[in-house]
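Contents: one structure, followed by commentary.
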Amino acid sequence: MSQKEKPIKVLLSRSQLDCHQRGLVTVAAALRDAGMEVVYTTFLMPEEVVKTAVEEDVDVIGLSFLAWGQMHITAEVMRLLKERNLSDVMVIVGGIIRDEQIPKLLEMGVSRVFPVGSSTTEIVDYIRSKKG
Amino acid sequence: MFDKATREKVKQIKEEWKQEYQKRYDDKEFNSTTYSGIPVKPVYTPEDIEHLDYKEIGMPGIFPYTRGLYPVGYRAQPWVSQQATGYGLPEQTRERYELLAKEGLRGYEGREPPYFTGQDQAGMLGYDADHPVAKGWVGMTGPSVSTFEDFELLFEGVDISNRNLVLGVFDTSPVFLAWLVMLAEKRGVPLDKLHGLSLNSFFRQMYLEHPSFPPSSALKINREFIKYCTENLPYWNTVNFNMYDIIECGGNAIQELAFILSVVIALVEECMKVGLDPNVFVTRFNFHMAGHMDFFETIAKIRALRRMWAKLARNRFGCTNPRALKAIINVKTAGATYTRQQPLNNLIRGCIETLAAVLADVNALWTTHYDDPLAIPTEQAAILGLRTQQIILYETGIPNVSDPLAGSYYVEWLTSRIEEEATKLLQRIEQMGGWVKCLEAGWFRKEIDRGAIEWRRKVDKGETIVVGMNKFVMREEQKVPVFEYPEVEDIAIERVKKFKEKRDIALTRAALAELKEAAQRVDRGESGLLMPAVIKCAKADATLGEIMDVLKEVFGWGLIT
């Protein structure tokens, strides 16, 4: 794979209602170590995620859920992305996600789900394989 | 600790050991470190603790309480089982909790089992169920509680005068307490008959990325909260100093102790400024620690906290009341050590972590359910958490003897070592300006995040082994039942709307306006005004969100980092 001049830009975001930041902080560090540009935010409403994604012109959105919210918020984010013709922005989801929710998230257009315990190497490799 | 003859003998036998060592291993070294990075040798001897004064170890129930708070440990008073759980509507949470009570949840001697309640994620941040931000979150990881009617449902049929009540909420603690006061008055229960605890982690931005009041405002609000409780609810525990989440978010045992003690110092000094007597209000503090997988470090840090606290309360706050010198400690087994992979393995982790807490004579215990990385517990998982404690209590004989590991060269050395390191770190925090300054600068989070990132790197490289996650991985995962949330959002929203429709809105508005004025005066330095004004709002049918909005407006609200 050839080195792109511009690094891959990833928005990592989580709801302020969910107090678990450890996973996303860890992923942010791993992506930065891998040479990606990371924008890290928190939000109250799903609209804020899409707004930041547009402003920052990111290639990837990573959403983290450890205390629920994954189905409602992801569905909203996917709908808003489609509405703004941003379907080329890749969305990945991580956290405490139930097995039976994974196919549903993929059906919404999520590219891949990384449940808790996934290695950061896996996440880095996946993003590179899709956007590198 | 030891006389000259013993020391000579130790030296002599150690010399023999050294020869054996060299014969067998040559110059090979077997050093390691604890979870918190304290270097550990392969064996400990009296030499490692000979500098210790026996008074530092002492006896249970005797200052500095290293060995426990009472002359006899669990033989006289077994630990309180403080399992928590919650979801859906208030009545659903209550049913789940009463199931645990029926299955043998233990309270303090002579009292009914505890009753541990909380609220959902939206409520924790002061949003009513009908707020747009709450959409998708209602009844998740806690019951939806927006109004006094919801609160009343949570306690329907619960004898509030004979149970240890835990109001498991953070910045909404003043509102929950106001509702409890209303409920007690309605039922004719005198306020001095209320026993329990507000979790009240007003300081959680030091480890969590979770909106809150700015630290200097949080201190003022809690000074008010403590003043009200001291004067009206003498048996109400006002703050649970949460150290658990420090290690849970990536910190270590030394940070657990030093970071939290810096909060305690800030709060005690704030309370003393308005003339509150530490000999009284300090007796109502609790500490919440993590039972972690580093077995001996868990035991040592619990013993070290009791000793550090006793010295701090006496030497720094000038406390003389023995109750003020005793750190009441409740332990929860560490959710972050549990894995989604092979989830049944978590039953074993929970058992080991519970055992460490028991061996360190803690006062209350919450064994995290094995399915924690999957969801909130199923009934079966919740009961298994409780059974873990019951098996240790009734079948092992371990609780027969107080602080049974006292005198272990390793445990005593490690206890002292953790105390020394934590004392040094606490001094550093104070040199940097103390809790408020360090929190505002984002220093705590930076330290804790570094730990989280470092841990993950080690796991990804295989330097730290987590069974089932990065070693002994199975392709076919164990299938276990996962809790299904009931759909409650519509019902919860409907309840809030109905509550708002039938109230006298003029009365509510007037009370909220009064609260705003009281909060502004408290913010300017007056004291004793906030809780009465919150209670007045609660009685005037203001909702959780309405009361919290006023407090947020006056005191500020948001994320620090």
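Annotation: of all residues in the range B:141-167 being surrounded by 23 or more Cβ atoms within 10 Å (Cβ to Cβ) and in a loop (DSSP other than H, G, I, E, B), the one that is farthest from the other protein chains (Cβ to nearest Cβ) is B:T147. Among the conditions (1) touching a helix residue (DSSP H, G or I) at 6+ places or on another chain (Cβ under 6 Å); (2) buried (at least 22 other Cβ atoms within 10 Å of the Cβ), B:N279 misses just one, which is (2).
Restricting attention to the range A:95-109, and to residues there that are in a loop (DSSP other than H, G, I, E, B) and more than 10 Å from chain B (Cβ to nearest Cβ), which single residue is nearest to the chain's Cα centre (by Cα)?
Kept after step one, since they are in a loop (DSSP other than H, G, I, E, B), are these residues of the range A:95-109: A:96-100, A:108-109.
Going one step further and asking which of them are more than 10 Å from chain B (Cβ to nearest Cβ), we end up with A:108-109.
Values: A:M108: 14, A:G109: 12 Å.
In this case the residue turns out to be A:G109.
Of all residue pairs spaced 6 or more apart or on separate chains, those with beta-carbon atoms under 7 Å, a first member in the range B:222-243 that is more than 13 Å from B:V280 (Cα to Cα) and a second member that is acidic (D, E) and surrounded by 23 or more Cβ atoms within 10 Å (Cβ to Cβ) are B:M243/B:E256.
Rundown of residues vs (1) at pLDDT 95 or above; (2) closer than 24 Å to B:I246 by Cβ; (3) in contact with a strand residue (DSSP E or B) (Cβ under 8 Å, 6 or more places away or on another chain), yes/no style:
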position	(1), (2), (3)
B:A334	yes, yes, yes
B:T354	yes, yes, yes
B:L359	yes, yes, no
B:A381	yes, no, no
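Selection within the range B:193-217: residues that are part of a helix (DSSP H, G or I) and in contact with a strand residue (DSSP E or B) (Cβ under 8 Å, 6 or more places away or on another chain). The member of this set that is nearest to the other protein chains (Cβ to nearest Cβ) is B:R204. There is no residue in the range B:447-467 that is touching a helix residue (DSSP H, G or I) at 6+ places or on another chain (Cβ under 9 Å), outside any helix (DSSP H, G or I) and under 30 Å from B:K311 (Cβ atoms). Here B:N200, B:N222 are screened, and the one residue that is surrounded by 22 or more Cβ atoms within 10 Å (Cβ to Cβ) and at positive phi is B:N200. Scanning the range B:11-41 for residues that are acidic (D, E) and within 21 Å of B:Y409 (Cβ to Cβ) turns up B:E15, B:E16, B:E20, B:E29.
B:R445 meets all of the listed conditions (1) within 14 Å of chain A (Cβ to nearest Cβ); (2) out of contact with any Ser or Thr (no Cβ under 7 Å at 6 or more places or on another chain) but one, namely (2).
On inspection, B:I265 qualifies as surrounded by fewer than 24 Cβ atoms within 10 Å (Cβ to Cβ) and in the same structural domain as B:Q431 (by TED's automatic domain parsing). Every listed requirement among (1) within 14 Å of another protein chain (Cβ to nearest Cβ); (2) more than 30 Å from B:K479 (Cβ to Cβ) is met by B:P377 save one, (2). Taken together, B:Y338, B:Y244 contain a single residue that is in contact with a Pro (Cβ under 6 Å, 6 or more places away or on another chain), within 14 Å of chain A (Cβ to nearest Cβ), under 22 Å from B:K458 (Cβ atoms) and at pLDDT 95 or above, which is B:Y338.
Of the residues making up the range B:1-32, those that are in a helix (DSSP H, G or I) and either in contact with a strand residue (DSSP E or B) (Cβ under 8 Å, 6 or more places away or on another chain) or basic (K, R) (or both) are B:K4, B:R7, B:K9, B:K11, B:K14, B:K18, B:K23, B:R24. Looking across B:G107, B:G142, one residue alone is under 22 Å from B:K193 (Cα atoms) and either without any contact (Cβ under 8 Å) to a residue 60 or more places away in the chain or among the β-branched types (V, I, T) (or both). It is B:G107.
When B:G318 is tested against the conditions (1) buried (at least 18 other Cβ atoms within 10 Å of the Cβ); (2) over 26 Å from B:G397 (Cβ atoms), the lone failure is (1). Just one of (1) within 23 Å of B:L559 (Cα to Cα); (2) at pLDDT 95 or above fails for A:L105. It is (1). For B:V43, the requirement of being β-branched (V, I, T) and part of a loop (DSSP other than H, G, I, E, B) is met.
Yes or no: the range B:86-100 includes at least one residue that is within 17 Å of B:W413 (Cα to Cα), buried (at least 16 other Cβ atoms within 10 Å of the Cβ) and in contact with a helix residue (DSSP H, G or I) (Cβ under 7 Å, 6 or more places away or on another chain). Checking the range B:86-100: not a single residue is within 17 Å of B:W413 (Cα to Cα), buried (at least 16 other Cβ atoms within 10 Å of the Cβ) and in contact with a helix residue (DSSP H, G or I) (Cβ under 7 Å, 6 or more places away or on another chain). Yes or no: B:L69 assigned to a loop (DSSP other than H, G, I, E, B) and of a type outside the set (G, A, S)? So B:L69 fits the description; yes.
Could you check, for the range A:50-58, whether at least one of its residues is farther than 28 Å from B:P211 by Cα, more than 14 Å from every other protein chain (Cβ to nearest Cβ) and touching a residue at least 24 places away in the same chain (Cβ under 8 Å)? Even if it seems obvious, please write down each step before you answer.
Initially, the range A:50-58 is screened for residues farther than 28 Å from B:P211 by Cα, giving none.
For the range A:50-58, residues farther than 28 Å from B:P211 by Cα, more than 14 Å from every other protein chain (Cβ to nearest Cβ) and touching a residue at least 24 places away in the same chain (Cβ under 8 Å): absent.
The values are calculated or read from the model by the stated rules, or taken from the named source; none is laboratory data. Just so you know, these numbers come straight off a predicted model, no measurement behind them. Backbone-built Cβ (ideal geometry, glycine too); neighbour counts: all protein chains shown.
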